[in-house]
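Here's the structure, in structure tokens; my notes come after.
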Amino acid sequence: MEHFSTRDLVVEVVHKLFVYTDNRQWGRLLAEVFCGEVQFDMSSLGGAARRMAAKDICHEWELGFEGLDAINHLCGNHLVSINGPEATVFAYATATHYKKSATRGNTREFVGTYDLHLVRTAVGWRIDGFTHHLKYMTGNIDFK
């Protein structure tokens with residue numbers, strides 16, 4: 001019988017965040033990754049930080065990824081802190097988007113870090129706080 005540490009279980013949720021997003025598995029994100037509501041902050045890309053329903057986050061991402069042929073997130077350098085039923089994870093991440101039909105280069109890349117807050121629920125660890133800190137973007141940002 002295998003046993004996983006609390007840290008392993010927390011980091012696994014973070015990995016699911018990116019893998020399920022890349023595979024556009026919105027139902028799995030809702031069932032296995034997010035709490036019902038998330039303090040959501042991607043203001044480093046524009047907009048405002050706000051509390052959002054997880055289903056609305058998934059819907060926005062689904063619309064934002066329409067027309068892309070591939071999405072690839074890489075995440076690492078996890079710094080994990082666990083305090084009873086709460087955990088925080090700092091991680092580096094890159095997101096590469098590919099659009100075959102773009103005429104000025106078919107990739108764009110976002111490089112930055114994430115601060116994630118997780119809580120232990122009856123069904124496992126779930127993300128209830130999500131902050132992205134953009135360092136830079138490169139490539140065909142507008143996919144023209």
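The values are calculated or read from the model by the stated rules, or taken from the named source; none is laboratory data. Computed from a predicted structure; not experimentally measured. When we count neighbours, we look across all protein chains shown, and the Cβ atoms used for this are built from the backbone with ideal geometry, even at glycine.
Criterion applied to Glu37, Glu62 was being farther than 17 Å from Asp128 by Cβ and either in a strand (DSSP E or B) or acidic (Asp, Glu) (or both), and the one residue passing it is Glu62. The set of residues in the range 40-59 being in a loop (DSSP other than H, G, I, E, B) and touching a strand residue (DSSP E or B) at 6+ places or on another chain (Cβ under 7 Å) consists of Met42, Ala49. Among the residues of the range 61-116, those identified as closer than 20 Å to Asn23 by Cα and charged (D, E, K, R) are Glu62, Glu66, Asp69, Lys99, Lys100, Arg108, Glu109. Starting from residues that are buried (at least 18 other Cβ atoms within 10 Å of the Cβ) and not aliphatic (A, V, I, L, M), keep the ones in the range 94-116 and report whichever is nearest to Ala53 (Cα to Cα). For the range 94-116, the residue satisfying everything is Tyr114. Scanning for something surrounded by fewer than 12 Cβ atoms within 10 Å (Cβ to Cβ), aliphatic (A, V, I, L, M) and modelled with pLDDT under 95, does the range 49-63 turn up at least one residue? No, the range 49-63 contains no residue that is surrounded by fewer than 12 Cβ atoms within 10 Å (Cβ to Cβ), aliphatic (A, V, I, L, M) and modelled with pLDDT under 95. Take Val19 and decide whether it is surrounded by 13 or more Cβ atoms within 10 Å (Cβ to Cβ) and touching a Leu at 6+ places or on another chain (Cβ under 9 Å). No: the conditions fail for Val19.
Is there a residue being closer than 19 Å to Glu12 by Cα, among the small types (Gly, Ala, Ser), modelled with pLDDT of 95 or more and in a helix (DSSP H, G or I) anywhere in the range 76-83? Scanning the range 76-83, I find no residue that is closer than 19 Å to Glu12 by Cα, among the small types (Gly, Ala, Ser), modelled with pLDDT of 95 or more and in a helix (DSSP H, G or I), so the answer is no.
Under 9 Å between Cβ atoms, at least 6 apart or on separate chains: pull out the pairs that start in the range 42-67 with a residue that is on the phi > 0 side of the Ramachandran plot and end on any residue that is surrounded by fewer than 12 Cβ atoms within 10 Å (Cβ to Cβ) and not β-branched (Val, Ile, Thr). Taking only residues 6 or more apart or on different chains, the pairs are Gly67/Ser101. Look at (1) in contact with a Lys or Arg (Cβ under 7 Å, 6 or more places away or on another chain); (2) among the hydrophobic types (A, V, I, L, M, F, W, C); (3) over 21 Å from Asp142 (Cα atoms) and you find that Val111 fails only one, number (3).
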